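**Student:** Just passing along the structure, written as structure tokens.
The values are calculated or read from the model by the stated rules, or taken from the named source; none is laboratory data. All values reported here derive from a predicted model rather than from experimental measurement. Note that we place each Cβ from the backbone using ideal geometry, even for glycine, and neighbour counts take in every protein chain shown. Keep in mind that these areas ignore ligands, DNA and RNA; they rest on the heavy atoms of the full protein, side chains included. Shrake-Rupley method; radii C 1.70, N 1.55, O 1.52, S 1.80 Å.
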Amino acid sequence: MKDRISALMKHMGMSQKDFANEICISPGTLSSIFSGRNKPTLNTLNNIRERFPEVNMDWLMNGNGEMFQSSASVSPRSDSAEGGRLPLSSSAPTLPMQPAFTDPYPGLQQGAPQTSLSASGGKIYDKPSRKICEIRVFYDDGTYETFAPKQ
């Protein structure tokens, strides 16, 4: 898996430090993965999935299929005013691993808190209720299963 992470990093035109920052891990952690001292954690894989939703997770984890899920060409990042980075947020589009299911918050941008004004005029932030949309079980033989609730 470390070779596929390295291939993704190189395809995106990022250094180890840049890639580690993009997926919210320390450069030392990424270096430990590349040296073979540590294996990627579930958090690391989830951060890659969130930051790069176009990456085929079956390819990343098992080497099956193509690097990207869609046939659309994914180009390396470009250095823009923001350094070519997209913000890490739950409102970033994601491509489901299983057949698509309905939005648990219709009409509400995921992750965006609802706001209201209190009697004193200050804003009160209410978090939207959360529902499980996917569960992944990782096995020690490198395989995994994905479970999604039926709608």
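**Student:** Restricting to region 29-86, give me the number of residues that are of a type in the set (S, T, N, Q), at pLDDT 90 or above and over 14 Å from ASP3 (Cα atoms).
**Tutor:** Looking only at that region, the number is 7.
**Student:** Another question, if that's okay. From PRO40, PRO53, grab the single residue that is open to solvent by less than 30 Å² (accessible area, probe 1.4 Å), assigned to a loop (DSSP other than H, G, I, E, B) and closer than 23 Å to ASP141 by Cβ.
**Tutor:** Working: PRO53 fails: closer than 23 Å to ASP141 by Cβ.
Selected residue: PRO40, the only one of PRO40, PRO53 that is open to solvent by less than 30 Å² (accessible area, probe 1.4 Å), assigned to a loop (DSSP other than H, G, I, E, B) and closer than 23 Å to ASP141 by Cβ.
**Student:** Sticking with this structure for a sec: Checking LEU45 against (1) within 23 Å of ILE135 (Cβ to Cβ); (2) in a loop (DSSP other than H, G, I, E, B); (3) among the hydrophobic types (A, V, I, L, M, F, W, C), only one condition comes out false. Which one?
**Tutor:** (2)
**Student:** Being surrounded by 13 or more Cβ atoms within 10 Å (Cβ to Cβ), at pLDDT below 90 and under 20 Å from GLU134 (Cα atoms): is that true of THR94 here?
**Tutor:** Considered against the rule, which asks whether it is surrounded by 13 or more Cβ atoms within 10 Å (Cβ to Cβ), at pLDDT below 90 and under 20 Å from GLU134 (Cα atoms), THR94 comes out as yes.
**Student:** On the given criteria, is ILE5 buried (at least 17 other Cβ atoms within 10 Å of the Cβ) and under 19 Å from GLY63 (Cβ atoms)?
**Tutor:** yes
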